[in-house]
Structure formats: C-alpha cells, structure tokens
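S.K.: Structure in structure tokens, see below.
No value in this document is a laboratory result; all are computed from the given coordinates. Being a predicted model, the structure only gives us computed values, none of them experimental. Don't worry about glycine lacking a Cβ; one is built from the backbone with ideal geometry, like all the others, and counts go over all protein chains shown.
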Amino acid sequence: MVSSMKKKISLHEHVFPIEKIIKKLKKEENPMNTEIETQNILGGVHHVTAITSSAQKNYDFFTNILGLRLAKLTVNQDDYETYHLYFTGEDGKSPNMTFFDFKDIPKGMHGANNIERASFRVPSDASLTYWTERFEKAHVKHGEINVKFGKKTLEFEDFDGQKYQLISDQDNTGDAALDRSWLLSNVAPEHGIIGMGPVFVKVTDTYNLRIILETVFGFRYAGQENNLHLFEVANGGNGAALIIEEAQENERYAYQGYGTIHHLALGTTNPETLNYWIERIQAFRLPHSGLVDRFYFSSGSSGCSV
C-alpha cells in the first residue's frame, strides 16, 4: 500500500503469485522508466495495520504499556461491525499503527509469505534498557537486546502473539517522519516511541521479491545478515526500510487471523504522487485497487503482495 501523509498503495492481504509478476516484467521492455524522479520517490513506512482479538486489550496495551495515543476509533469501511483503532505519537506524524478487530476471526499463524513484524523507533540505545525493564514489570514477552544491521533492537510480543521490535534511533540517518512521544503517556519522555521502524517480511522467494522492490518500487538493496536482507528507499534509515527474511526450507505458510499483520503502507508526499504510483503499477501490469478514499488518507492497493 502506498500512502501520502494522509494518502496511501499496499503490500496487503491478498497474495498475488510473484512468479506471475516476474514473467510480466520479463515480457515487457521497460514498461515504464524504472528511474523514479525525486518528487515521486516513496517516503518510507507510512503505517502498519494488524488484527487484534480484543479492541479493549489492544487499547490497554498500546496506551498503558507502549505509551502511544489513541488518535482515532472508527470502523472498518468495508465491515461496519469491525472497529478500526489508530495509535500514534503526540502530533500524529508517526508511528501510525492501526488495528482491526474482525468478529469471530480465528488466531492467525506466522510463517512463510507473511508480513512478520512491525518496528517502532526509540531515541537511543539506553532506551532499550529502559524498555527491557518496563516489559519485565508489565510481564510482556520479550527477547534480549540485539544488533541488526548495526542498530540495537529489542523484540517483543503482545497478548495475541503479534510480533514487534523496538529499534534505537541513535546515530540513525534518513529523514522519515518522527514525532514526539505522547505527552500524557506514563513512559519517560526521553525513551518514548517516536516513529515507525523497519517492517519485516518473510518470504520463500527473496530473489524475485528483490526484483519487484527494486524495479517497481525504487528500493535499494542495502545489505545482508544471515537470512535477513535490508532494503531502503528515499534517504534510508530506520523509517524507510524493509527487512526481507528468507523463510526456512519447508516452513509452513502463514495464514491471517488475529495476532498477524493485515497490511503495510508506504508513504507518498501528495495526491499527485499517489496518482503517479497508481499509473506506474498499472504500467507494470500489476493488479491494483485504483484510488480509494479512506477519509483519513487516500490509497491504492497493489497486488504484488507477500
């Protein structure tokens, strides 16, 4: 999904086989100039939308534990019986993490071909120590402080088994949207969450997904650590990155339900840029939704989903 500040095209929930996309790309002789002009470059992660088993528990976790602000409680425009919760920082710039609470949906399963984990940026390496202690007191399942691509990180999960990561913004480069931590939060302001970080996508076919990310969406390959591949867009940095994870051989495919991610959205700067991306995706003969007005942002959904 690509989004303009208030506008959005998605790597979303309906899987379109990558093999078919690659065949289309190979048949076409550069259907649209692969060079993307500066004003049209994607701006990084705009938001991530996931599925929760309980709107109330979700609210409690994100406000009382993570210290984010509930900016909007509305309904899913495609299903009016489903709540849609929007969490963000003080000024509403970032992070933008949203949730659906689909009625009677079963628990999902993590696995191959899945948007695996969302990340939140915190100000410093010291912030991760603060959060480790905070998670301990709140009995939040978490890992150890680790290093990925030179940045300190801390993985954790919520009550549904939804996977997240905190990433230190210390020495971060790039200029993707940052926010102030929520002023009414009980989190120490010097350690509060200030933005969206890299999103992890686990796939069985990293080679062909790389072709899609580089050729269609303008990402750059920025490095590999074990089975993780870092891709950056725009000026890079923590807020403009995807981490593609190679699934293990014979790993089961994921299926969607509560505790899994529904879609991620990539940001554009304005409606004109969003129209450019709709035309670009169409030129590459990829399925898409066309322009969709979500009131809080407009969007177009791309079918090159994983």
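S.K.: For the stretch 159-165, just list the computed ³J(HN,Hα) in residue order, Karplus coefficients 6.51, -1.76 and 1.60, θ = phi - 60°, integers in Hz, with x standing in for Gly and Pro.
M.R.: Residue by residue, the stretch 159-165 yields 5, 8, x, 5, 9, 9, 8 Hz.
S.K.: Determine the distance separating the Cα centre of the stretch 249-291 from the Cα centre of the stretch 90-141; give it in Å without decimals.
M.R.: Result: 21 Å between the Cα centres.
S.K.: Okay, next question. Among all the aspartates and glutamates, which ones have a C-alpha under 15 Å from Lys107's C-alpha, if same-chain residues fewer than 8 places away are not counted?
M.R.: Candidates past the 8-residue exclusion: Glu116, Glu157, Asp158, Asp160.
S.K.: Right, next: Between Thr82 and residues 5 or more places away or on another chain, which pairs have amide H atoms under 5 Å apart, with H built 1.01 Å from N, and which residues are they?
M.R.: Asn76
S.K.: Would you mind putting 66-72, 138-144 in packing order, based on average other-beta-carbon counts within 10 Å, highest first?
M.R.: Those peptides, ordered most packed to least, come out 66-72, 138-144.
S.K.: Between Gly239 and residues 5 or more places away or on another chain, which pairs have amide H atoms under 5 Å apart, with H built 1.01 Å from N, and which residues are they?
M.R.: Those lying under 5 Å, H to H, from Gly239 are Ala176.
S.K.: Next question. Looking at this model, which pairs from Lys72/Lys152; Lys148/Lys202; Lys72/Lys93 are more than 25 angstrom apart at the alpha-carbon?
M.R.: Listed pairs above 25 Å: Lys72/Lys152.
S.K.: Ordered by packing density, taken as the mean number of other Cβ atoms within 10 Å over each peptide's residues, highest first, how do 117-127, 266-276, 224-234 rank?
M.R.: 117-127, 266-276, 224-234
S.K.: Moving on. Would you pull out the residues with amide H under 5 Å of Lys107's amide H, same chain only if 5 or more places away, H placed 1.01 Å from N?
M.R.: HN-HN under 5 Å from Lys107: Tyr258.
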